[in-house]
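The values are calculated or read from the model by the stated rules, or taken from the named source; none is laboratory data. Quick caveat, the model's predicted, so the values are computed rather than measured. Neighbour counts are summed over all protein chains in view; Cβ atoms, including those assigned to glycine, are modelled from backbone coordinates with ideal geometry. All accessible areas refer to the heavy atoms of the entire protein, side chains included, with ligands and DNA or RNA removed. Shrake-Rupley method; radii C 1.70, N 1.55, O 1.52, S 1.80 Å.
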Amino acid sequence: MDVTHILESLNDPQRQAVTAADNNVLVLAGAGSGKTRVLVHRIVWAVQMMGMSPYSVLAVTFTNKAAAEMKARIETLLQIPVGGMWVGTFHGLAHRILRAHHSEAGLPKNFQILDSDDQLRIIKRILRDYQIDESKWPAKQAQWYINNKKDEGMRAQNLDAGGDFNEQMWIKIYQNYEQVCNQSGLVDFAEILLRAHEIWLKKPDLLAHYRRRFRHVLVDEFQDTNTIQYAWLRLLTGGQNKIFAVGDDDQSIYGWRGAKVENITNLEKDYPGLEIIRLEQNYRSTGNILNAANALIEKNPNRMGKKLWTAGEDGEPIKFYTAYNEHDEARFVVGVVQQWVQDGNRRQDCVILYRSNAQSRVLEEALMMESMPYRIYGGMRFFDRAEIKDALAYLRVISSQLDDAALDRIINTPPRGIGEKTLQSIRAIALKENISYWDALVFIIETEAVPARALKALKKFHELISELIVVADDSALDELLVTVIQQSGLVEYFQKEKGEKGKSRVENLQELVGAVKEFESDDEPTDFDDPALQDLDPLSVFLAYTALESGDSQVDPDDDYVQLMTLHSAKGLEFPLVAIVGMEEGLFPSERSTYEPSKLAEERRLCYVGMTRAKKQLFLTAAEHRRLYGRESYPTVSRFVHELPGDIVVDVRPRAMVSRPLTASSSGFKQSSSSQPFQIGQSVNHDKFGEGVILSYEGDGSHARVQVNFYQVGMKWLVLAYANLSQA
Ligand code: ATP
Ligand code: MG
């Protein structure tokens, strides 16, 4: 068989990995060295050269987007559709298993998935129900505790507090939470993994079935697997199956969420004869970007250590810009993108990365001001919007009346006269009798246990849901949804809401109907194409999709927009132009990390991940004055900037501090020179705006712009060539 298409675009060590014998393999290599490419080609090799069926392959990646891309590349190389192939995220794949074997997993057929928001609501309710002091045991911390324990593979019953009263309380909360979820047929994200692991431990036949099926297990971004994910992989590959893992210890960035970089060393121990292959050539970034990233990561202790080189050009230096404040920073970055587009490039090829989601607002404002299309990747999902969650909660209750969390959400949304007191009665009865809220509601109606007005409201709600359950039985999903949003009163309720907000909520509900239609008519392969899942009803399938889908695949690839995302979500991706904003002490590295060496090292790895996303151009920015989370600060430049080699980083513009002369540069990098007729801090006059002070300066010659704080009209950016400023 001709293998050129599999091997021609690979270098020697990459080929060695792709064509390795049926053995356990670890590809340990730095950013942009072709790990993901090797993994894809290995799958194709296994199918075409090792005689594996595509259905005997299970590949785990980190995001839905990466999984979709991987499938597309495999299809192109294999030249056959690979619809039902198991390529997905840990959550996606584990969820498939739970759906297919829900009864073995102790779950109702239409179990629902809880997002972290719903999870927190349930925990808060438990704290209330059991009168636990929230100032001592805060709900958020309880949520963190529970998820953490689940990621470690621990149930409440496995935990022993010893004599520690605090710990006893956490365990008690965990225990109650487990009970509520079990009773309501709810699973949270961590539970999906834990249960998928337990089901194999409890049902050896089932495990044997999956072991027979998946002869080849491949894992991308292996450095970020946590305890339960690793245990799950161990079980699946136990015996004869082989693991093919690719990863980079320098890119481990989820330690704070339980990822264990030690899993890389465990692999050697747990898989005797593990073949380790290193890749050293980087194909992504210019020499300057790569050298800067290498210099940065070398500052970290305890690395496995690797050298990365590129045969490509040095390219442009890395550009560092110190802004006056976060608005100036945003404007600068937007200017960079504008220039890039003017030079004939696509907006899509640019990404703006930040440490914290909260930084996106100012960037968005600046982008909107310049009418620059943008998209936030991995931000708030469409399905997470409040009004969408309301509509989905109706669907959840229709699908499963055990779902207390959903019922709690909609029982008085829109307001229908079911007050807090009535709700408390429902909760109390449910708790006492160990029944669902729905059953408690029926009980109250039957026994007329609440005052007449409340009873009437409850009856009406009960009727509404009962009717919708009937509608669900014989309507298409989109028809059901239209009926739900009309009859529930949601549309009418949001229509009455004043201003743009209400309007956009109604539009979003309409968009949800569109999403359902698209979902129904989509013939793209989904997670549910597996024969074991064919008998699931469309409503359950759709609800699971809304919970697990990142929402990224719905984007039209032809649209041209700038992308915005956190540094964490940029993992595995690459862009010709990357701008990392907020390079400041206290923000990046984050404040907390600066006191703890291991956390600081993780921040540095995150910076390494961010920098190595860039193919051609890399911009770093910091602000001298920042308002974030409602606080003001005057941060200093991030140590990560100072750790970069001075000869390949340039200050793109003199600093803009009023109090400092133009030539000062705190970063110590070379400066791009410019001749300016005005000094920062100088007073000027404008015909229309009157007198003001120059705060910052941008560009050269006819492009030169100044920012002036006018005493009468405030801050303005003016093009010097037209502003006609004079000295005041
Ligand atoms: P990361 O650590 O960021 O996940 P990676 O090691 O997975 O990176 P890839 O994304 O697979 O790296 O590859 C980086 C880039 O280099 C991609 O654009 C890929 O197509 C290209 N590439 C990889 N190997 C080669 C090769 N042998 N020849 C040409 N280009 C290559
Ligand atoms: Mg990769």
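Checking 269, 299 one by one, the residue that is more than 24 Å from residue 245 (Cβ to Cβ), among the charged types (D, E, K, R) and away from ligand 1 (no atom under 13 Å from the Cβ) is 299 and no other. Residues that are acidic (Asp, Glu) and over 17 Å from residue 405 (Cβ atoms) within segment 421-450 comprise 433, 446, 448, listed in sequence order. Counting only helices (runs of 4 or more DSSP H) that sit completely within segment 224-341, those holding 3 or more residues that are open to solvent by less than 20 Å² (accessible area, probe 1.4 Å) and more than 16 Å from ligand 2 (Cβ to nearest atom) correspond to 227-237, 287-297. On inspection, residue 60 passes the criterion of being open to solvent by less than 40 Å² (accessible area, probe 1.4 Å) and within 16 Å of ligand 2 (Cβ to nearest atom).
Yes/no matrix, rows are residues, columns are (1) in a loop (DSSP other than H, G, I, E, B); (2) open to solvent by 20 Å² or more (accessible area, probe 1.4 Å); (3) at pLDDT below 95; (4) among the β-branched types (Val, Ile, Thr):
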residue: 510; (1), (2), (3), (4): no, yes, yes, no
residue: 514; (1), (2), (3), (4): no, yes, yes, no
residue: 528; (1), (2), (3), (4): yes, yes, yes, no
residue: 546; (1), (2), (3), (4): no, no, yes, yes
residue: 557; (1), (2), (3), (4): yes, yes, yes, no
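So which of 44, 18, 25 is over 30 Å from residue 605 (Cα atoms) and more than 10 Å from ligand 1 (Cβ to nearest atom)? It is 44. Picking from residues in segment 559-573 that are closer than 26 Å to residue 219 by Cα and assigned to a loop (DSSP other than H, G, I, E, B), the one that is modelled with the highest pLDDT is 567. Just one of (1) under 19 Å from residue 233 (Cα atoms); (2) surrounded by fewer than 22 Cβ atoms within 10 Å (Cβ to Cβ); (3) in contact with a Lys or Arg (Cβ under 8 Å, 6 or more places away or on another chain) fails for residue 86. It is (2).
Rundown of residues vs (1) at pLDDT below 80; (2) among the acidic types (Asp, Glu), yes/no style:
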position	(1), (2)
625	no, no
629	yes, no
632	no, yes
637	no, no
651	no, yes
663	yes, no
674	yes, no
689	no, no
706	no, no
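One residue alone among 48, 14 is out of contact with any Lys or Arg (no Cβ under 6 Å at 6 or more places or on another chain), open to solvent by 30 Å² or more (accessible area, probe 1.4 Å) and closer than 24 Å to residue 237 by Cα, and that residue is 48.
For residue 70, indicate whether it is over 17 Å from residue 549 (Cβ atoms) and not small (Gly, Ala, Ser). For residue 70, the condition - over 17 Å from residue 549 (Cβ atoms) and not small (Gly, Ala, Ser) - is not met. When the test is whether a residue is over 29 Å from the mean Cα position of the chain (by Cα) and within 16 Å of ligand 2 (Cβ to nearest atom), residue 3 does not pass it.
You will find that of 94, 72, 17, 66, the residue that is within 16 Å of ligand 2 (Cβ to nearest atom) and either assigned by TED's automatic domain parsing to the domain that holds residue 179 or at pLDDT 90 or above (or both) is 17 and no other. The residues listed here are 354, 374; of these, the one that is open to solvent by 50 Å² or more (accessible area, probe 1.4 Å) and within 23 Å of the chain's Cα centre (by Cα) is 374. The condition of being at pLDDT below 65 and farther than 14 Å from residue 727 by Cβ holds for only one of 668, 699, that being 668. Has segment 197-213 got at least one residue that is among the small types (Gly, Ala, Ser), over 30 Å from residue 568 (Cα atoms) and away from ligand 2 (no atom under 16 Å from the Cβ)? Checked segment 197-213: at least one residue is among the small types (Gly, Ala, Ser), over 30 Å from residue 568 (Cα atoms) and away from ligand 2 (no atom under 16 Å from the Cβ). Each residue in segment 451-478 was checked for being assigned to a helix (DSSP H, G or I), open to solvent by 100 Å² or more (accessible area, probe 1.4 Å) and farther than 19 Å from residue 438 by Cβ, and 1 pass.
Just one of (1) crowded, with 22+ Cβ neighbours inside 10 Å; (2) within 13 Å of ligand 1 (Cβ to nearest atom) trips up residue 111, so point out which. So residue 111 meets the others, but not (2). Which ones in segment 47-75 are over 20 Å from the mean Cα position of the chain (by Cα) and within 13 Å of ligand 1 (Cβ to nearest atom)? Across segment 47-75, the qualifying residue is only 73.
For the criterion of being assigned by TED's automatic domain parsing to the domain that holds residue 95 and in a helix (DSSP H, G or I), residue 210 passes.
So, in segment 115-147, how many residues would count as being in a helix (DSSP H, G or I) and either acidic (Asp, Glu) or more than 26 Å from residue 409 (Cβ to Cβ) (or both)? Of the residues in that region, 3 qualify.
Annotation note: Cβ proximity below 6 Å between a residue of segment 613-638 that is open to solvent by less than 70 Å² (accessible area, probe 1.4 Å) and a residue that is assigned to a strand (DSSP E or B) and within 16 Å of ligand 2 (Cβ to nearest atom) (sequence gap 6+ or interchain) occurs for 613/575; 613/578; 614/578; 618/578. Taking the criterion of being surrounded by fewer than 17 Cβ atoms within 10 Å (Cβ to Cβ), within 17 Å of residue 105 (Cβ to Cβ) and modelled with pLDDT under 95, the residues of segment 160-200 that qualify are 179, 182, 183. For residue 3, the conditions (1) open to solvent by 10 Å² or more (accessible area, probe 1.4 Å); (2) within 13 Å of ligand 1 (Cβ to nearest atom) all hold with the exception of (2).
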